[in-house]
Amino acid sequence: MADDSQAISVMISPVVGDAGFDLDDVIVHRSGDRSVVRVIVDSEQGGDLDLLADLSRAVSEVLDAADPPVLGALRYTLEVTSPGIDRPLTRPRHWRRAQGRKVVVDLADGTTVAGRVGRLAADEATIDVVVTDRGRSTARTLSVDDVAKAVVQVDFGRATRDERHLCGLPEETDSRAPVAVWEEPGRDVDPADDPQFADDTTDDPHSATDAAAPDATRGHA
C-alpha cells in the first residue's frame, strides 16, 4: 500500500498545487474489495470546505482517468481533508502555520517542552517555543533536529500580550463594532451629557443623535 500511496501522490501533486494547497500525505487503506484513499492537504488559508470539495472532484478525475487504474480493479472511496488538530509538526511550513498555537514538544533527549509556537528561523534550523511559568513568558530556542515529536494542543485560552510579542504575532486590536443604543420614545437626552456619546463631536445634521431626525422605531399612520 505504500507503493499505492506514492503513486497517487505523484499523480495528484500537480492538481493539488494548482489549487493552492500543499500535499501533506496520502493514505491508502484496503478493506476487502474496496479501498479508502485519504488525501491530506494544507494551505495558508486553512481548509475551506468549498475549496476542498472542488479539489476532491479534481483529484477524483485524475484517479479515474489513470490507465491502468492506480488501484487496479478495486473500488475506492476518496476523502480529501485538512490536517487534524493532532497532526505532528514535521515540516517547516507546519511550524509557520502553527505560530502562536499551543504545542507539546518531545525532544530527542527525553525531555518535554510545552508552550506556544514562536518564530521559525530564516534557515529553518531552529524554532522558538514561548514558555510561560508563573506569569512570566520566555522564548526557548530549540534545534529542529532535536525535536522527536511536536503536536499542537487544543487551546481554550488566549495568548497574553507578552506571549504574542515573543511568538512574533501582531498585537490584537479592538475590532468590536459600535453598540447601537435605543432610547425610549419621549426620553430627552442631550448627547453631550451621555457618556455613550462623550467622544462624539460630529455636527452631521443626519446623525443618529440629532433630535430632529425621524424616529425609526415609530410606525406609519
### Query
Within the stretch 11-156, what percent of beta bridges assigned by DSSP are antiparallel, to the nearest 5?
80
### Task
Evaluate the charge dipole of the stretch 70-162 about its Cα centre and quote only its size in Debye, nearest 20, assuming +1 on the Cβ of each Lys and Arg and -1 on the Cβ of each Asp and Glu.
440
### Message
Nearest 5 percent is fine: what portion of the DSSP beta bridges confined to the stretch 1-88 is antiparallel?
### Response
55
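Read-outs: derived from the displayed coordinates by stated rules, not from any lab. Just so it is clear, the structure is predicted and the values come from calculations on it, not from any experiment. Cβ sites come from the backbone with ideal geometry, for glycine too, and all protein chains shown count toward neighbours.
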